[in-house]
Amino acid sequence: MGRGGISHSVDRAFEIMTDYCVTKDRRPIGILILLAILFLSPSRAAAQLDPWEFEVYPYLTEGRGTAELETDNAVVANGHSHSGEGTAAGTFRSQGMWYNQYEFTYGLTDRIEAAAYLLMASPDGHGYWYAGSKYRLRGRLFDPDVLPVDLGWYAEFEWRQAPRFDSADTEIELRPIIEKDLGQFSLMVNPVFEKVLSGVGRKQGFEFGYSTGAYYRWMRYLSPGVEFYGAAGMIDNTNPLSEQQHYVFPVLWGELPHGIEYNLGPGFGLTRGSDHVIVKFNLEIERFVGAVFGPSSDNGWFF
């Protein structure tokens, strides 16, 4: 998920506070929009994304009555040595940081799923800490191939984030989901819009980021892909490119025995404000546990 943005002030006291509180964010709708964002008027805030969730969401949701358990893991192999830099938005440095997210997802209907997250982190040499909680709904519009591209939606509420990892207490995150399949290739785009509700940055508007992936279905157990993640800052006042975060992840993904799916790979920072190398490893398993609601209408487009 994400982090609240803060702008530097000419006031010295506010500058000291921002040493521990930095802008948070995630991902755009395509390369053209991303390039446009990079050249908008700069602000003096650092742009940050959600290091607990290096994941690109697909159009399809969990089936009705199906539960999924997932763990998303990332470690900063080569990061920054000071707090408030790279993926670190709190009092710990990013170098050596382990990010662990545990997710439970349930298919409410054929088109809508609900999920709850537990966020944990292990700063280098500082033990294992609770970092926050998240709750979300995700859905898809229409059936596959009804539109030229498959469209979905995502709404998330981030609650009780630990100040040592994030300066914002509560946030909302919204993202459209766009997917297009071309033969054995799949392209997924998740623009991300995030707003701080309480804590540092609550008086600011929406921040903008992205997560995007291109995948090739080669074998069931082993397929390649490439993912892009980034954060540009506030929508109406983006950061200088050097302060933004942008990453490219070559990944391998597939399904192991017993229905365990994986997605792993190294991520490389593309700007000075990014951590240099991050390694991610995501695992998930799903099982049908029983439906609460009846099947969706064949003529329905939302639920």
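The values are calculated or read from the model by the stated rules, or taken from the named source; none is laboratory data. Model, not experiment: these values are computed from the prediction. Cβ atoms come from the backbone with ideal geometry, glycine included; neighbour counts cover every protein chain shown.
Among the residues of the stretch 215-251, the one identified as modelled with pLDDT under 95, β-branched (Val, Ile, Thr) and either part of a loop (DSSP other than H, G, I, E, B) or surrounded by fewer than 21 Cβ atoms within 10 Å (Cβ to Cβ) (or both) is Ile235. Being modelled with pLDDT of 95 or more and of a type in the set (Ser, Thr, Tyr) is a description that does not apply to Thr170. Phe142 passes every criterion in (1) touching a residue at least 60 places away in the same chain (Cβ under 8 Å); (2) at negative phi; (3) surrounded by fewer than 22 Cβ atoms within 10 Å (Cβ to Cβ) apart from (2).
Give the residue that is farthest from the chain's Cα centre (by Cα), with candidates limited to residues of the stretch 93-112 that are assigned to a strand (DSSP E or B), closer than 27 Å to Gly273 by Cβ and without any contact (Cβ under 8 Å) to a residue 40 or more places away in the chain.
Keep residues of the stretch 93-112 that are assigned to a strand (DSSP E or B), which gives 93, 98-107, 112.
Still in the list and also closer than 27 Å to Gly273 by Cβ: 93, 98-101.
Filter once more, keeping what is without any contact (Cβ under 8 Å) to a residue 40 or more places away in the chain: 93, 98.
Values: Arg93: 20, Trp98: 16 Å.
The extreme case among them is Arg93.
On the stretch given as the stretch 179-214, residues that are of a type in the set (A, V, I, L, M, F, W, C), assigned to a strand (DSSP E or B), in contact with a strand residue (DSSP E or B) (Cβ under 8 Å, 6 or more places away or on another chain) and surrounded by fewer than 21 Cβ atoms within 10 Å (Cβ to Cβ) total 5. Contact annotation: residue pairs with Cβ atoms under 9 Å, 6 or more positions apart or on different chains, pairing a residue in the stretch 113-128 that is at pLDDT below 95 with a partner that is of a type in the set (Lys, Arg) and not in a loop (DSSP other than H, G, I, E, B), are Pro123/Arg93; Asp124/Arg93. Selection of the stretch 113-136 for residues being assigned to a loop (DSSP other than H, G, I, E, B) and of a type in the set (S, T, N, Q) yields an empty set. Count of the stretch 69-92 residues, restricted to those that are surrounded by fewer than 22 Cβ atoms within 10 Å (Cβ to Cβ) and part of a strand (DSSP E or B), is 8. When Leu119 is tested against (1) surrounded by fewer than 21 Cβ atoms within 10 Å (Cβ to Cβ); (2) under 26 Å from Phe228 (Cβ atoms); (3) out of contact with any Asp or Glu (no Cβ under 8 Å at 6 or more places or on another chain); (4) not charged (D, E, K, R), only condition (1) is not met. Has the stretch 189-208 got any residue that is modelled with pLDDT of 95 or more and of a type in the set (Gly, Ala, Ser)? Checked the stretch 189-208: no residue is modelled with pLDDT of 95 or more and of a type in the set (Gly, Ala, Ser).
Any residue at all in the stretch 266-274 that is aliphatic (A, V, I, L, M) and either at pLDDT 95 or above or buried (at least 23 other Cβ atoms within 10 Å of the Cβ) (or both)? The answer is yes, given that some residue of the stretch 266-274 is aliphatic (A, V, I, L, M) and either at pLDDT 95 or above or buried (at least 23 other Cβ atoms within 10 Å of the Cβ) (or both).
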